[in-house]
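Asks: One structure, as C-alpha cells, below. Some questions next.
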Number of protein chains: 2
Amino acid sequence: MKKVRLADVADLAGVSMKTVSNVVHNYPHVTPEMRRKVQQAIDDLGYRPNLTARRLATGKTGMIALAIPEIDHPYFSELSRYIAEEASRLGYRVIVEQTLSNPEAERAVLNDREAGLVDGVIFHPVRMQSMEVARLQRDVPVVLLGESTMPVTADHVMIDNVVAAQEGVRHLVGEGRRRIAFLGMVSGDTTGSTDQRLLGYQQGLVDAGMTPDPDLVLSVSDFTPEESSRAVAHALASGVAFDGLVCRDDRFATGALFALRQAGVQVPRDVAVVGWDDTELGRWASPPLTSIAPDKRELAATALALLRERIDGYHGIGRHRIVSHALTIRESAPLGAPAFQSR
Amino acid sequence: MKKVRLADVADLAGVSMKTVSNVVHNYPHVTPEMRRKVQQAIDDLGYRPNLTARRLATGKTGMIALAIPEIDHPYFSELSRYIAEEASRLGYRVIVEQTLSNPEAERAVLNDREAGLVDGVIFHPVRMQSMEVARLQRDVPVVLLGESTMPVTADHVMIDNVVAAQEGVRHLVGEGRRRIAFLGMVSGDTTGSTDQRLLGYQQGLVDAGMTPDPDLVLSVSDFTPEESSRAVAHALASGVAFDGLVCRDDRFATGALFALRQAGVQVPRDVAVVGWDDTELGRWASPPLTSIAPDKRELAATALALLRERIDGYHGIGRHRIVSHALTIRESAPLGAPAFQSR
DNA sequence: CTGAAAGCGCTAACAG
DNA sequence: CTGTTAGCGCTTTCAG
C-alpha cells in the first residue's frame with residue numbers, strides 16, 4: 001500500500017504512461033475499452049497522481065497566496081471567504097499568509113526566498129509603501145488590495161474611499177447632524193486608507209457647507225475596538241461634542257458604540273454612528289450599524305480575475321479597478337430619525 | 001532575468017551543485033571562501049530555490065491543510081489565526097479548505113483525488129460521521145477538531161463540552177436562575193457538538209436538583225444569528241418563559257440578545273445569557289457576553305503538535321486530547337446580579 | 001570536504 | 001489514437 005506511480009498503473013494495465021495520463025486527465029480521444037482497463041488498474045492500485053511532480057513538470061502550482069494583516073479581523077475574514085470561494089471556482093487553492101501588519105512579514109510576501117510556491121499573490125499591505133512594493137516585486141503576479149497609492153507595476157483593486165466617506169457624511173448631514181466627527185487615525189498606518197477616508201470625510205463636510213474642525217478628528221492608538229472605545233471615552237470626557245460619527249471601520253465603530261453607551265450617550269438620538277466594511281460584527285451591534293459596504297464579493301472576483309490574467313501571461317502595466325460600494329442603513333444612523341428626537 | 005537554476009549558480013561559481021546546495025542549506029562544512037564565492041554567484045544571478053522541485057526530491061511539502069466549515073465564522077476565524085501562527089512557528093504554511101458544511105466537500109478533504117499536496121490535515125468536520133472518517137482516511141496524517149465521537153484511527157482535540165455546559169448552567173443557577181433554556185439544536189449537525197453541550201446542560205440542571213424541561217430546548221433552523229434570533233423571538237411569542245439561556249455558540253447568543261432586546265426583555269435582569277466560544281462578536285455585544293471560552297491557542301498548539309508527530313512518523317492509535325476551557329464572565333450573565341434586580 | 005549521477009513522478013513533444 | 005523519451009530543478013547517496 002505504498003507509493004503507486006503512474007508507471008505502475010501503466011504496467012498493470014499494459015499500456016503506456018501517456019495513455020494512463022490521458023485517462024487521468026479525461027482526454028477525449030481514448031477508446032472506451034482502453035479507458036475502462038486503465039481505470040480498473042487505477043482503482044485496483046489506489047493510484048492518485050502526485051501533485052508535486054505534476055507541478056514540477058507543468059510549472060504551475062494551482063495555488064495562490066492571500067496575504068492579509070489578520071485572519072480574524074472581521075473584514076478580512078469575510079473577504080477571505082469570498083476569495084476562497086472564487087479561487088476554488090477558478091480551480092485554485094489558497095494559502096493564507098498572515099502579516100500581522102509586520103513590515104518584515106509584508107516584505108517577505110514579495111521578497112520570498114524561494115520560488116515556485118504559488119502562481120500569484122493577492123496582497124493587502126498595511127505598512128509597506130508604494131515604492132517599496134515596486135522595488136521588491138518580482139516575477140510572481142501580484143494584485144494589491146487596500147487603499148494606498150499603488151505602483152503602476154502592479155494591479156490594484158479598491159473601492160472609492162473618498163466618495164464613500166463623502167456619502168457617509170452626506171447621510172449624516174441629511175439626517176440633521178451638524179457636528180460630525182471622524183474616528184480612526186492610527187499611527188503607523190502608512191498606506192493611507194485612513195487618510196483617504198478622512199479626506200472624503202472632510203470633503204463631505206465642505207460639500208455641506210461646513211468647516212472641518214480638527215478637534216473632531218479622533219485618533220486611536222491601535223487597530224482594536226478596545227483602543228477605539230478608549231479614544232471615544234476620552235473625547236467625551238474632554239468635552240468634545242459631536243452628534244455624528246464616521247468610523248474608519250466597523251471594529252472601531254463597535255468600540256465607539258460601547259464607549260457611548262457607557263457614557264450614557266444614546267445612539268442614534270444623541271450621536272449617529274456610521275461604520276465601515278459592513279461586517280457581521282456591526283450587523284449585530286446594538287444598535288446595528290449603518291455602514292459603508294464595499295462589495296466584497298465583487299472585490300474578490302475582480303482581484304482574482306486580474307490575477308488570473310497575469311498568471312495567464314498578461315504583462316502590461318498595472319491596472320486599477322474601483323469596485324462598487326453602498327451605504328447600508330441600519331439603526332445606528334437610520335433614515336428619518338432627526339437628532340434629538342427619539343424614534 | 002529568467003529561471004536561474006541551481007546548476008547555473010554552480011557553473012558561475014565554478015563548483016558542483018552539491019556545494020551550492022550546501023551553501024543554500026547552511027551546511028556546516030563548507031570553507032568560508034567557498035561559501036563566499038557561491039553566495040556571490042547566488043546574489044549575482046538572483047537565484048532562488050524552486051520549492052516544487054525541492055518537494056519532489058524530498059517528499060515533504062512543508063504545508064498543512066486546515067479544513068473548516070466557514071472561514072468567516074468568528075470562532076473559526078479566531079482559531080485559524082492561532083493555527084496559522086503556530087504553523088508558521090513550526091515552519092509550515094497553511095492552505096485553507098472551506099467546506100461550507102457540505103458533505104461532499106468534507107469527504108473531499110480526506111478522499112483527495114491527488115496526493116502530495118500537504119504533509120498533514122487539521123480537519124473540523126460537521127456532517128461527516130465518525131465511521132465515514134475512519135473509512136475514508138488515507139495515508140495523510142489527520143488531526144480532527146470538534147466535538148463528535150471520533151474514530152480511534154485519528155487524533156482528536158477538543159474541550160470537554162459536557163463539563164463546560166454544566167459549568168455554564170451552574171453559574172446561572174448560582175446567580176439565582178431557575179428556568180434555564182438551551183438554544184441551538186440544528187438539524188443536520190450530525191457530529192454531536194451540540195448534543196454534548198445539550199447533555200451537559202441537562203446534566204447541569206440535574207446537578208442543581210432541577211428537572212430538564214423539553215420546552216426549554218430551543219431549535220434553530222440554520223447556523224446563523226438571524227435564525228437564532230428568529231427562534232428566540234418565536235419562543236418568547238409562544239409564551240415560553242425562562243430567566244437563563246445557554247447558547248450553543250456566540251453567534252446564536254448574539255441573535256438571542258437581539259431578539260430579547262426587540263421583545264423588551266432585559267439582559268441580564270430578566271434573562272441571563274451565556275454564549276460559547278468567547279469570540280470578539282460576543283465580547284462587543286450589548287451587553288457583552290458571558291461565554292464559555294475554549295483555550296483556542298492551546299487547541300491550535302495541541303493540534304499542531306499531534307499532527308507534527310504523525311508527520312514525523314508516529315503511527316500509533318488515535319490520541320484524544322482535552323484542552324482547557326474557562327467561563328468568561330461578562331455583563332450578560334454577571335456575578336452578583338440576582339434575577340429581577342437591576343444593577 | 002567536494003563532485004557526478006541517479007532518481008523524485010509527471011508532462012508533453014514527437015514519433016509511430 | 002498510443003508509445004517513447006527527454007526534461008522539470010533539486011536532493012542525495014556514493015566515490016574521490
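The values are calculated or read from the model by the stated rules, or taken from the named source; none is laboratory data. Note that this is a predicted model, so its numbers are computed, not measured. Positions of Cβ are backbone-derived with ideal geometry, glycine not excepted, and every protein chain shown enters the neighbour counts. Side chains are part of the model used for accessible areas, which takes the heavy atoms of the whole protein and leaves out ligands, DNA and RNA. Shrake-Rupley method; radii C 1.70, N 1.55, O 1.52, S 1.80 Å.
Asks: Using helices alone, I'd like the mean residue ellipticity at 222 nm for the protein assembly as shown: each DSSP H run of four-plus residues gives -39500 (n - 2.57), total over residue count, nearest 500.
Replies: Result for the protein assembly as shown: -12500 deg cm²/dmol, rounded to the nearest 500.
Asks: Would you mind getting the accessible area per residue of chain A, heavy atoms of the protein chains only, 1.4 Å probe, in Å²?
Replies: That works out to 43 Å² per residue.
Asks: Give the long-range amide H neighbours of B:T61: residues separated by 5 or more places, or on another chain, with amide H under 5 Å away, using H modelled in the peptide plane at 1.01 Å from N.
Replies: B:D119
Asks: Still on this structure, please answer the following. In whole Å, how far is the Cα centre of the range B:73-118 from that of the range A:183-251?
Replies: The two parts, judged by their Cα centres, are 37 Å apart.
Asks: How big is the charge dipole of the range A:161-294 about its Cα centre, in debye rounded to the nearest 20, if each Lys and Arg gets +1 on its Cβ and each Asp and Glu gets -1 on its Cβ?
Replies: 340 debye
Asks: Kindly flag which residue pairs out of A:K60/B:K3; A:K18/B:K3; B:K3/B:K37; A:K60/A:K296; A:K3/B:K60 have an alpha-carbon separation exceeding 23 Å in this structure.
Replies: The pairs that break the limit, which is 23 Å between Cα atoms, are A:K18/B:K3; A:K60/A:K296.
Asks: Roughly how many debye, to the nearest 20, is the charge dipole of the protein assembly as shown about its Cα centre, given +1 on each Lys and Arg Cβ, -1 on each Asp and Glu Cβ, and no other charges?
Replies: Around 1580 debye, computed over the protein assembly as shown.
Asks: Continuing with the same structure: Name the residue farthest towards the positive end of the dipole of the range A:161-294 from the options A:F182, A:L199, A:V273, assuming +1 on Cβ of Lys and Arg, -1 on Cβ of Asp and Glu, about the Cα centre.
Replies: It is A:V273.
Asks: Cα centroids of the range B:7-36 and the range A:273-343: how far apart, whole angstrom?
Replies: Measuring centre to centre over Cα atoms gives 52 Å.
Asks: How well do other chains shield peptide A:278-285, expressed as the mean number of their Cβ atoms within 10 Å of each residue Cβ?
Replies: Counting other chains' Cβ atoms within 10 Å and averaging over A:278-285 gives 6.
Asks: Same structure again: Please say if the protein assembly as shown is rounded, prolate or oblate, where rounded means a/c under 1.5 for a ≥ b ≥ c the square roots of the C-alpha gyration tensor eigenvalues, and otherwise the choice is prolate for a/b larger than b/c and oblate otherwise?
Replies: The shape class here is oblate.
Asks: While we're here: If each label sits 7 angstrom from Cα along the C-beta direction, how far apart, in nm, is A:D139 from its counterparts in the other copies?
Replies: When each copy's label point is compared with this one, the spacings are 3.1 nm.
Asks: Is there a simple number for the mean count of other chain Cβ atoms within 10 Å of the Cβ of residues in B:45-55, and what is it?
Replies: Partner-chain Cβ atoms within 10 Å, mean over residues of B:45-55: 6.
Asks: Using heavy-atom solvent-accessible surface (probe 1.4 Å) with all chains present, what is the largest-first order of B:K3, B:K296?
Replies: The most accessible residue leads, giving B:K3, B:K296.
Asks: In nm, what does the list of distances from B:D213 to its counterparts in the other copies look like, shortest first, when each label sits 7 Å along Cα to Cβ?
Replies: So the distances to the same position in the other copies read 5.3 nm.
Asks: Also, quick follow-up: Counting only other chains, what is the mean number of Cβ atoms within 10 angstrom of the Cβ of each residue in peptide A:77-84?
Replies: Average neighbour count from other chains, rounded to a whole number: 5.
Asks: Here's something else I'd like to know. Place +1 on the Cβ of every Lys and Arg and -1 on the Cβ of every Asp and Glu in chain A, take the dipole about the Cα centre, and give the residue among A:L307, A:F258, A:L6 whose Cα lies farthest towards its positive end.
Replies: A:L6
Asks: Something else: Does the range A:198-304 come out rounded, prolate or oblate, given a ≥ b ≥ c as the square roots of the eigenvalues of its C-alpha gyration tensor, rounded meaning a/c under 1.5 and, failing that, prolate meaning a/b above b/c?
Replies: In terms of gyration-tensor shape, oblate.
Asks: Also: What residues qualify as long-range amide H neighbours of A:I159, i.e. H under 5 Å apart, gap of 5 or more or another chain, H built at 1.01 Å from N?
Replies: Residues meeting the criterion, in which the H sits 1.01 Å from N, are A:V323.
Asks: Project the alpha carbons of chain B onto their principal axes and report the range along each, largest first, in whole Å.
Replies: The Cα atoms of chain B stretch 85, 43, 31 Å along the principal axes, largest first.
Asks: Tabulate in residue order the Karplus-calculated ³J(HN,Hα) for the range B:205-212, using 6.51 cos²θ - 1.76 cosθ + 1.60 with θ = phi - 60°, rounded to whole Hz; enter x for Gly and Pro.
Replies: After applying 6.51 cos²θ - 1.76 cosθ + 1.60, I find 5, 4, 3, 8, x, 9, 10, x Hz.
Asks: If you don't mind, another one. Put the label 7 Å from Cα along Cα→Cβ for B:R319; what are its distances to the other copies, in nanometres, shortest first?
Replies: List, nearest first: 5.1 nm.
Asks: Please label the shape of the range A:191-256 as rounded, prolate or oblate, based on the square roots a ≥ b ≥ c of the eigenvalues of the alpha-carbon gyration tensor (a/c under 1.5 means rounded; beyond that, a/b larger than b/c means prolate, else oblate).
Replies: oblate
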